[in-house]
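As structure tokens, the structure follows; a few thoughts come after it.
The values are calculated or read from the model by the stated rules, or taken from the named source; none is laboratory data. This structure is a prediction, so every number in the text was calculated from the model and none was measured. Cβ: placed from backbone, ideal geometry, glycine included. Neighbour counts: every protein chain shown. Quick note on the areas: whole protein, heavy atoms, side chains included, nothing else; ligands and nucleic acids left out. Shrake-Rupley method; radii C 1.70, N 1.55, O 1.52, S 1.80 Å.
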Amino acid sequence: MSLSYLATTPISSPTTTISGNPLPRSAIHTCRSVRLSNRTPYTSCELNHEPSRNGSIDRRNLLLGLGGLFGSTAAVNKNAFGTPLQPFDSTTCHDAIDDETEEVVKCCPPYKTANMVDFTPPSPRDPLRIRKPAHKYNSDDIAKFEAAIAKMKALPDNHPWSFKQQAAIHCTYCNGAFYQLNTTIELQIHQSWFFLPWHRYYLYFWERILGKLIGDDTFAIPYWNWDTREGMWFPKMYQKSTSPLYDEARNTDHYNKLMDYGCEEAYCNRKKTDELITYNLARIFKTFQGDNLKVPSLFMGMETRAGEKSVGGGSLEQLLHNGIHSWAGKPNSPYHDMGNFVTAARDPVFFAHHGNVDRMWYIYTKLRKLYGETSTFKYGSDWLQSSFVFYDENHQVVKVKVKNCLTPESLGYTYDSSETHEWAGIRPKYRKLRNAELKRREGDSLKLNPASEFGSKPRNLTEPIRALVQRPPTSGTKDEKEDSVEVLFIEDIIVPHGSPARFDVYVAKPTAEELVGQEEFAGSFVNVPHSHHESSNGAHGSSLQLGITSLLKDIDAEASEQLVVSLIPRNGEVTVGGVKIGLVHVNYDDDV
Ligand code: C2O
């Protein structure tokens, strides 16, 4: 039984026990040298290694997701390079910038010097706080939650617990208010492996502060359960204009509209509720697909260390998280609140959205565990030791480390577990719909742009690009194949400052009679405006990594030497530097 089992087989529940040899693999891995571009070394045993900070070859440099290396050396103090992210120095905060409006934003913490202590996790003897879905809140639940938010909103603006200060924390870690310690590299926790742990802590303190304010130490926050059919709507309790949960800056057209994250435009416009739900559930399934279970960075985001820039979010951040931010925020500029990270946490629904993002990570962790693997990164001690700063529910500034937040239970809360995971069994229904859809569109493919080489220059995505891309050699034993996943890399994606942007990626097998055969959805790039103004040339490229091993089975392309990769612009301006396909080696927990 391999992790790719999940790519083809419905699971009934993440708590199902699947027996048997969890992760077959050869005793000695074949290491493939793959260097996608001279700027993005990512995995191999024999790469042209970048020297580490002590001048030797650092084993960590052999890992997938070292993309953070590029462009990062210019302004970096040597001691700050390639180590776990350090907490900021609160005396060095400066004004942040809203890249969309180019306005100055004041989001420095209301404390300058503070006596910072190490975080102590809550006692395992305390009762667990149980987070419930927002759509299942009864009137008592709502009243309690509203009372807590009202109290938070009533605090003076400069109080570290005030709603305003709590919202500003998001800006602090996202819009350039701090540089990473001893560098001029902006502190940015999105688009990297910091994304999930940082937001987990952010919600943890927010929840505890709210509980303190109403004197309830079992208080738990709601989550927006958008992975279930009942939860794919804007939760009602946030829509009442007299409620403290209300926020004006939203797309109110979406108040009574089924969410359409990641579905195709033509398809969404059909508005058949059940079909759209099926498409949505298939996107959830895709987020948890086998490749993503094998390689944590594909799900959680690329590795980033001190002195490096964040360059790529995982499937959870890109496809689901970013898409829903844009869906909830205002439809036109400024995209505040939810549609721009500088303001996102000013909308109380932000915390419900992130509750579910956090829960997705929790489910991922449980799925990995089924196969005997932890959901951490191999050689990830730099991730585990990375730290952030928060102001806690006891008026103390604390330094937290990733290693203390690996499960919700270790932080004293959990998620309502009564639900089923409809997405886990959605494949047959989705395939049926998808095939019918492709049949209807059969004639269309002839009208599409012909596929050709992407070329060596960056391309502006003003119209769909269909690129013929070479696959890596597919030789190797069955075990060796089990030990690697095939990944599509869309590199150096540049979005003008402060703009939303989106493109979808499809993969097809080249066929003789048609230039493009049956296309299958591989993933989306979604940009929510955020800051990246530290670079001298205006912007830095990010990358999108999509596991395609099981997709190739779906479209019967396992034997093809080339694939047609389609980049379909949906929104905004975007430039793409290149499209490549590589094999990424899977690291198992017990590898030595
Ligand atoms: Cu920090 Cu949903 O963004």
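Computed from the alpha carbon atoms alone, the convex hull of the stretch 74-197 holds 189 Å³ per residue. Take the stretch 108-204 with all the other protein chains still there, run a 1.4 Å probe, and you get 42 Å² of accessible area per residue.
Mind checking the alpha-carbon convex hull of the stretch 294-427 and giving the volume per residue in Å³?
Working: hull volume 22.1 nm³, N = 134.
About 165 Å³ per residue, rounded to a whole number.
In this structure, the pairs whose alpha-carbon distance is over 24 Å, taken from LYS112/LYS164; LYS153/LYS330; LYS212/LYS369, are LYS212/LYS369. Rounded to the nearest 0.05, the FRET efficiency derived from the C-beta distance between LYS439 and LYS399 at R0 = 51 Å is 0.35.
Taking one quarter of the surface of the C-alpha convex hull of the stretch 347-401 gives a mean projected area of 5.3 nm².
Evaluate the Debye formula for the stretch 154-216 with equal point scatterers sitting on the alpha carbons, no solvent, and hand back log10 of I(q)/I(0) at q = 0.17 Å⁻¹, in q order, two decimals. For the stretch 154-216 at q = 0.17 Å⁻¹, log10 I(q)/I(0) is -0.68. What the Cα atoms of the stretch 229-328 give is an Rg and a Dmax of 16.3, 48 Å.
Per-residue packing, averaged as other Cβ atoms within 10 Å, sorts the ranges 482-492, 325-335, 188-198, 554-564 into the order 188-198, 482-492, 325-335, 554-564, beginning with the highest. For the stretch 305-349, state what percent of all Cα-Cα pairs lands in each successive 10 Å bin, counting from 0 Å until the bin that includes the largest distance. Spelled out per bin, shortest first, that is 27, 42, 26, 4. Note down the net charge around ARG208, summing +1 for each Lys or Arg and -1 for each Asp or Glu among other residues with Cβ under 12 Å from its Cβ. Result for the local shell: -4.
Computed from the Cα positions only, the extents of the stretch 112-265 along the three principal axes stand at 48, 43, 33 Å, in decreasing order. Quick one: if the Förster radius is 56 Å, what FRET efficiency do SER241 and THR511 give, using the C-beta to C-beta distance and rounding to 0.05? Approximately 0.55, to the nearest 0.05.
Note on THR91 and GLU453: the model spin-label points, each 7 Å out from Cα along the C-beta direction, lie 5.7 nm apart. Roughly speaking, to the nearest percent, how much of the stretch 221-380's 1.4 Å accessible area is carbon and sulfur? Heavy-atom surface of the stretch 221-380 belonging to carbon and sulfur, 1.4 Å probe: 48 percent. Converting phi to 3J(HN,Hα) with the Karplus coefficients 6.51, -1.76 and 1.60 and the offset θ = phi - 60°, the stretch 486-498 yields 8, 10, 8, 10, 9, 10, 6, 7, 10, 10, x, 3, x Hz in sequence order, with x at every glycine or proline.
Peptides 307-319, 155-167, ordered by how many other C-beta atoms sit within 10 Å of their residues on average, highest first, read 307-319, 155-167.
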